[in-house]
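Each remark here refers to the structure printed beneath this line.
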Amino acid sequence: MAKCYILGSMSNVLQRQHVGMASSMDIMHNLREMFGQENRSARQIVIKGLVFTKMVEGTSVRDHILKMMGYLNELEVLEVMLDAESQVDMVLASLPPPFNDFVMNYHMNKLSMMLTELLNHLQSIEDLQKRIKNPLS
């Protein structure tokens, strides 16, 4: 109940503060000034997570790609836009050595994929690598 009261009070304060503003752009600018520092910190944390995430050899490529996609989605929410090609490049750069042949082929042949398509290809490679490693399973 106290949370609702606090949120309601914050909402009322924000509404009163924005009453005399001419346009929604003025309101957005004011809100960015008020909360911009928090967004900046959040962006820095997410970017750091994205840049420093590396897939550990032997772990699931699916889990790794989903984790990377989560970071990319968070950045989008924080209004940091990366084009699809840059997103794929960041994922490819985070892969361990067993995927080097795929990465090299991707770049040499100037392939282009969406993240979901990349995930499917990498899962196929991972499955093939497992079958080669354990042919009787």
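Looking at this structure, is Val46 out of contact with any Phe, Trp or Tyr (no Cβ under 9 Å at 6 or more places or on another chain) and over 17 Å from Leu118 (Cα atoms)? The answer is no for Val46. Among the residues of segment 92-129, those identified as surrounded by 11 or more Cβ atoms within 10 Å (Cβ to Cβ) and of a type in the set (D, E, K, R) are Glu117, Glu126, Asp127.
Confirm whether Leu78 is of a type outside the set (Gly, Ala, Ser) and touching a Leu at 6+ places or on another chain (Cβ under 9 Å).
Details: of a type outside the set (Gly, Ala, Ser): yes; touching a Leu at 6+ places or on another chain (Cβ under 9 Å): no.
Criteria not met by Leu78.
Can you name the residue in segment 93-110 that is in contact (Cβ under 8 Å) with a residue 24 or more places away in the chain and within 22 Å of the chain's Cα centre (by Cα) and, of all such residues, is nearest to Gln129 (Cα to Cα)? Write out each step before concluding.
If we filter segment 93-110 for residues that are in contact (Cβ under 8 Å) with a residue 24 or more places away in the chain, which is where we start, we get 94-99.
Then drop every residue that is not within 22 Å of the chain's Cα centre (by Cα), which leaves 94-96, 99.
Working: Ser94: 18, Leu95: 14, Pro96: 13, Phe99: 10 Å.
It comes out as Phe99.
Looking at the structure I just gave you, is Ser41 closer than 30 Å to Asp127 by Cα and either in contact (Cβ under 8 Å) with a residue 60 or more places away in the chain or of a type in the set (S, T, N, Q) (or both)? Walk me through it before giving the result.
Working: closer than 30 Å to Asp127 by Cα: no; either in contact (Cβ under 8 Å) with a residue 60 or more places away in the chain or of a type in the set (S, T, N, Q) (or both): yes.
In short, no.
Asp83 meets each of the listed conditions (1) in contact with a helix residue (DSSP H, G or I) (Cβ under 7 Å, 6 or more places away or on another chain); (2) under 19 Å from Lys48 (Cα atoms) apart from (1).
Each value in this text was obtained by applying a stated rule to the coordinates, not by laboratory testing. These numbers come from a predicted model, not from an experiment. Here the Cβ is made from the backbone with ideal geometry for all residues, glycine too, and neighbour counts use every protein chain on show.
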